[in-house]
Amino acid sequence: MEESAVVRPPSLKEERQEADSKTIFGFWVYIMTDCVLFASLFATYAVLHNNTVGGPGGKELFSLHYALTETLLLLTSSFTCGLAILAARARDKDKVLFWLGVTFLMGFGFLGLELHEFHSLAVSGNSWRRNGFLSAFFTLVGTHGLHITSGLIWMGTMMIRVAGSGLGRINVRRLTLLSLFWHFLDIVWIFIFTIVYLMGGAGV
Amino acid sequence: MNSFASLLGKLDIHALPHDKITQGGAASLVLGMVAVVVLLTYFKRWKWLYREWLTTVDPKKIGIMYIVVALLMLLRGGADALMMRAQQATSVGAAHGVLSSDTFQQVFSAHGTIMIFFVGMGLMFGLFNLIVPLQIGSRDVAFPVLNATSFWLYAAGMALVNLSLVVGEFSAAGWLAYPPLSELKYSPGVGVDYWIWSLQIAGIGSLMSGINFFVTIVKMRCKGMDLMKMPLFCWSVLTTSVMIMFAFPILTVTLTLLALDRTLGMHFFTAGAGGNAMMYVNLIWAWGHPEVYILVLPAFGVYSEIVATFSRKSLFGYKSMVGALAAIAILSFTVWLHHFFTMGAGADVNAFFGIMTMLIAVPTGVKIFNWLFTMYQGRIHFASPMIWFMGFVFLFTLGGVAGVMMAVPPIDFQVHNSLFLVAHFHTMIISGVIFGYLAGITYWFPKFFGFKLNERLGKYAAWCWIVGFILAFGPLYILGLMGATRRLDHYSAAMGWQQLFIVAGIGVLIIGLGVFFQLLQFGVSIWQRKARLDYAPDPWRGRTLEWATPSPVPVYNFAKLPEVSGRDAFWAMKQTKQAAADKDFMDIRLPKNTPAGLLVAGFAFAAGFGIIWHIWALLVIGGLGVLSSIIIRSTAERTEYTIPAKQVERIETEARARESYA
Amino acid sequence: MAAALLATIIHYLFTANIPVLQPAGVIGQKEKHLMILAILLCLIVVLPVFTMTIFIAWKYRESNHKAKYNPEWDHSRLFETVWWAIPFIIIGILSVVAWRSSHDLDPFKALAAPGVKPLNIQVVSLDWKWLFIYPDQHVASVNRVEFPVNTPINFELTSDSVMNSFWVPALGGQIYTMPGMSTQLHLMSDRLGSYNGSSANISGNGFAGMTFTAVSATGENFGRWIKTAKNSSKSLDTVAYQALAEPSHDNQVSYYSSPQPGLFENVVMKYMMPEMSGSLPPSHMMDGMPGMAGM
């Protein structure tokens, strides 16, 4: 009577695979919502970027060289992050820690450069309180910077965890999510670099 | 002493309420909480509370908590409504009513905020939690701890709104706080900040739930349940979850930008210094319009379940209904400008958005036809859920006509922000969202508690709501056409509006009577539960999988995960007389309880309070607390527990025995 | 009882003062006709829905054992086509109407009356009163706007405070007023009378008191009214304007002679200026400068 109703209980392996696929899928979905978040910030920036109320605009304030340095740092860190994941797949703990460390340093460097830029703008009378353009600039770039900071905190904790308990299934899964996050932030930065610095620097 | 005071930021003794009404509200709130604490202590239930509710990750319990909080908030929002009606019925000519202008403005701002965010969303997520895992034949949601965190964030937001009644003030800028009025210059108090942060915290919870239920439905349906075999309620949850995921990040950004203006002196929306207040209006409604469809689509889903069950017939036009849900979800993102046709965007833009708005009426109308034809040639049992539905059909259709009218921009020019508009959206929200969720609670109550609610009182309640609604909002349509704008705390006698306001006041009292009947219904039903307890797993002759479990539902939902082959799976099981499983039980693994969600939300609440009052130390502690809670939780190793097969068997056998006893 | 209720409502609708349904302006007239058209089109769907609902609920109630019970019938291509298509067509018709009327009744579109010179009125919403400047007649008034009947009025509007909405329902639809921006509204009254106006967007504590009177007068009476305003001892110079702009509730009608030329333009422009400059003194509170101590 119950031919197909006696379901064979899923094996532990199957259950774990399902759980992993659920988590990774969920994380992709979260990234999609983060896209909407950044899209709203970009839209706001687009509307406000010329509202300088007589003050200096992107052309006067942004240094393309500086932004390019930041970009190279971040792009490279994405590459090293990829290397870390490859090492994780190969279950090579030392390599993972090494490449994660490099990624961390580059990310930290990026953040440092960004904070320096923010600081020099602020002390030169071009803080976020000056006009709509600067409010939008600091918030858009700053939100990306906050995401980078979160990523660095995550990376730091992962490094401690991997050093302590090795490359088990859960740690590898979490590293995968972290790398997704890191690459995503890289892509967002490309948009920022293009729309804010390249176009702003050209006076668009 | 001085440094201690500065540690408290803007907080001082003047933050306590000044006028009688607010003092009364604050006192009742505080007394209510004290009463709860006293009762818990007297009955020695603290451990039980912590173990069973505060740390639970069981969606069924989380669902019940959502609904309890939402219903409590309904009482507060309703009290606000009563005060508003009292004010507008009496504040004419020389008289200035019962409230000061400032208090009145806080009351309607709180009313709207509470009803949308804490009643509507609360009831909605409550039903998601209770019903979705059961209807898709699963044991749980995709991310149980995230789910609990969502609830506690919702509760933290609710707590902040209510705290504003006791310490400080609430926003007086309406439920959407347009700038420049909501900027620091024109709202220098803490009211708007309370509004911002309670919504921000609750909104993050909502976004997380959207992700959670989306993944749950996509990934955790039982074997054989293809998407096109899901109950329609699950389809409504799926489409709503997609809408939540696209809309709520916009809210997060918008609230943040306003907060940055107010707290860090930025200029996103200020009048002057390069701010653009129109940008706020666009952003907030780009979230706000999808939000109202987020609220109503699951209510449509509830109606689909109820109509099919009580007509003893399968839902008519399943594919069409799914298509309509999808169409509404997509279209809801293309209409937001109709909330500000009068802001001067120009004829082309206005006309485009007007046309898109009218288009939404098409799939909505399709649903009504499909429900009617589900009833056609059925055998309709008019239990109270069906009374709610019938009220919905009449009122929602009329409200929809008003909506189509306002979709034509030049018509809207005459009724925008008038009581005509207020009547329209209350018609949609009350007859759509509220009636739907109240009907759903009545319908599914026996599944979780083992006994039905008193039907007679339920019918009285439904009728009071329907009649009360007509009396409360019918006059408002006319008042709008008479030139009465919304949010007025006073008007001249020469306007000739007072009579209609008095009728509206009577209407709200009748709705209040309906609420009283519902409270009575809960009270009486629970009081009489020992007599009414029948443990009937299928009291309404249901069609979908949730009815295939014992009542109340065991923690693991299904002893054996079901396997289905068509729609209305449970109905099919009953037709083929498929017997319940009584052998081959397995161990069941479920997630353990955890205080993580409670902690995250508690720290978020502290951080929110800190930002509002500029108590920066508290903000830092709160922020670090949230971060630490997340990190510490992530180190948790053994997060599951097992229910041995023998215990499952015992639970199932006992449940079966109880059913036959009834 | 339902019939009595309906009769009461209909009687009320025809006897009470309902400006939107009894317009005194050409724009209001057209907007009213649109409403009626929209309602009639919707009734094409609504009446069958209501009839069907009552019929089906009654006939197929479970106590009616004679009714056919067909539990498996759950789809019909024909019906689906009908109820997707017909509403779609109705909305299609209404869409054309919406497109046309949005352009025809665009608040920014000037009204034509052959041989009649339009009247220019500049409107500034303040906390919590309305200022009307007549640039060509060199007068200004608070909370009362008067104009000749059958004359196109070109309103130019702004706000020196938060967002408001200028609304005289007897004449036609409203338009928002916003600081730093100027909007337009074109109305024309077609009968003499005195009409109520208000702000339709909440603007703070004194918002409910922001009512004003719109008077449609004969050409002669309008001329007399302008003369009365001109005779006012108060002139609306910068100082007087600044005093007026201070927040106040329930203002009485008042008049000013010789408003400062360019006053309206200055009010709009001052929000575009950097904070430290501008020909007008800054408003009574500094914009967005919270204490940053301790951050």
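Structural remarks
- Between the helical axis of B:277-310 and the longest alpha-carbon principal axis of chain B there is an angle of about 30 degrees.
- Evaluating kT/(6 pi eta Rh) at 25 °C and 0.890 mPa s, with the Kirkwood radius of region B:428-510 over Cα pairs in the Stokes-Einstein relation, gives 165 µm² s⁻¹.
- Expected 222 nm ellipticity per residue - DSSP helices of 4 or more, -39500 (n - 2.57), all of chain A, to 500: -27000 deg cm²/dmol
- Here region A:145-204 and region B:128-154 have alpha carbon centers that stand 29 Å from each other.
- Just so you know, the averaged projected area of the alpha carbon convex hull for region C:119-277 sits at 8.5 nm².
- Heavy-atom accessible area ranking, 1.4 Å probe, most first, across B:LEU49, B:LEU337, C:LEU37: C:LEU37, B:LEU49, B:LEU337
- Contact order, relative form, for chain A: 33 percent (alpha carbon pairs under 8 Å, 6 or more residues apart, mean separation divided by residue count).
- Taking 21 Å as the limit for the C-alpha separation, the pairs B:LYS452/C:LYS59; A:LYS59/C:LYS270; B:LYS447/B:LYS530; B:LYS447/B:LYS574; B:LYS452/B:LYS646; B:LYS229/B:LYS459 exceed it in the case of B:LYS452/C:LYS59; A:LYS59/C:LYS270; B:LYS452/B:LYS646; B:LYS229/B:LYS459.
- Once the Cα atoms are used to define both axes, helix A:12-48 deviates from the longest principal axis of chain A by about 10 degrees.
- Straight-distance candidates among the aspartates and glutamates for linking to B:LYS367, with alpha-carbon spacing under 16 Å and chain neighbours fewer than 8 residues away dropped: B:GLU305, C:ASP74, C:GLU80.
- For the protein assembly as shown, the solvent-accessible area works out to 39 Å² per residue, with a probe of 1.4 Å and every protein chain left in place.
- The alpha carbons of region C:1-107 give a radius of gyration and a Dmax of 20.3, 60 Å, in that order.
- When the Cα positions of C:LEU157, C:TRP130, C:PHE147 are compared along the charge dipole of chain C, C:PHE147 comes out farthest toward the positive end, with charges on each C-beta of Lys, Arg, Asp and Glu.
- If you plug the beta carbon distance of C:ASN70 and A:ALA46 into 1/(1 + (r/R0)^6) with R0 = 45 Å, you get a FRET efficiency near 0.20.
- Mean projected area of the Cα convex hull of region B:591-662, taken over all directions, amounts to 7.7 nm².
- The C:ASP136 and B:ASP348 beta-carbon pair, evaluated with R₀ = 22 Å, returns a calculated FRET efficiency of approximately 0.10.
- Whole-number percent relative contact order across chain B, with pairs defined as alpha carbons under 8 Å at least 6 apart: 17 percent
- Each of A:GLU14 and B:LYS20 was given a label point 7 Å from its Cα along the Cα-to-Cβ line. The distance between the two points is 7.1 nm.
- Region B:469-599: proportion of alpha-carbon pairs further apart than 27 angstrom, %: 58 percent
- Each distinct pair of alpha carbons in region A:2-130 adds a 1/r term; the inverse of their mean, the Kirkwood radius, is 19.3 Å.
- For the pair C:GLU62 and C:LEU78, the difference between a 0.36 nm per residue extended length and the Cα-Cα distance amounts to 3.1 nm.
- Pairwise label distance in nanometres, B:ALA636 with C:ALA4, each label 7 Å out on the Cα-Cβ vector: 6.4 nm
- Between region B:212-246 and region B:56-102, the Cα center-to-center distance that results, in Å: 33 Å
- Stretching C:SER235 away from C:LEU192 to a fully extended chain increases their span by 12.6 nm, per 0.36 nm per residue minus the current alpha-carbon distance.
- Normalised by residue count, the protein assembly as shown yields a Cα convex hull volume of 185 Å³ per residue.
- Computed over chain B, the per-residue total of -39500 (n - 2.57) for DSSP H runs of n ≥ 4 gives a 222 nm mean residue ellipticity of -22000 deg cm²/dmol, rounded to 500.
- Rounded tilt (10° steps) of B:144-166 against the dominant C-alpha axis of chain B: 30 degrees
- Shape of region B:328-411, Cα gyration tensor, a/c cut at 1.5: prolate
- Members of A:LYS13/B:LYS223; B:LYS319/C:LYS68; B:LYS319/B:LYS560 lying beyond 27 Å, as alpha-carbon distances in this model show: B:LYS319/B:LYS560
- Using the Cβ-Cβ distance between A:THR157 and C:HIS33 with R0 set to 60 Å, the FRET efficiency from 1/(1 + (r/R0)^6) comes to roughly 0.35.
- Taking a sphere under 14 Å around the Cβ of B:PHE248 and counting the other residues whose Cβ falls inside, with K and R at +1 and D and E at -1, yields a net charge of -2.
- Projected over all directions and averaged, the alpha-carbon convex hull of chain B occupies 30.4 nm².
- Contact order normalised by residue count of chain C, Cα under 8 Å, 6+ apart, percent: 19 percent
- Within a straight-line Cα-Cα reach of under 19 Å, B:LYS47 can be paired with the following lysines, leaving aside sequence neighbours fewer than 8 residues apart in one chain: B:LYS61, B:LYS592.
- Solvent-accessible area of the protein assembly as shown (1.4 angstrom probe, protein heavy atoms only): carbon and sulfur portion equals 68 percent.
- Near-label residues of region C:204-237 by backbone N, under 20 Å of a point 7 Å along Cα→Cβ of C:GLN252: C:209-215, C:225-236
- Sorted from greatest to least, the principal axis extents spanned by the alpha carbons of region B:401-553 come out as 60, 31, 19 Å.
- Taken along the Cα-to-beta-carbon direction at a fixed 7 Å, the label points for A:ILE190 and B:TRP48 span 5.9 nm.
- Straight-line cross-link partners of C:LYS109 among the lysines, defined as a Cα under 17 Å from its Cα and at least 8 positions apart when in the same chain: C:LYS30, C:LYS117.
- Centroid-to-centroid separation of region C:13-78 and region B:413-441 [C-alpha atoms, Å]: 17 Å
- Viscosity 1.002 mPa s, temperature 20 °C, Stokes-Einstein D of region C:193-263 from Kirkwood C-alpha radius, µm²/s: 151 µm²/s
The values are calculated or read from the model by the stated rules, or taken from the named source; none is laboratory data. Given the structure is predicted, the values throughout are model-derived calculations rather than measurements. As a convention, Cβ positions derive from the backbone with ideal geometry for all residues, glycine included, and neighbour counts pool all protein chains shown. Accessible surface is based on the protein model in full, side chains and every heavy atom, while ligands, DNA and RNA are left aside. Shrake-Rupley method; radii C 1.70, N 1.55, O 1.52, S 1.80 Å.
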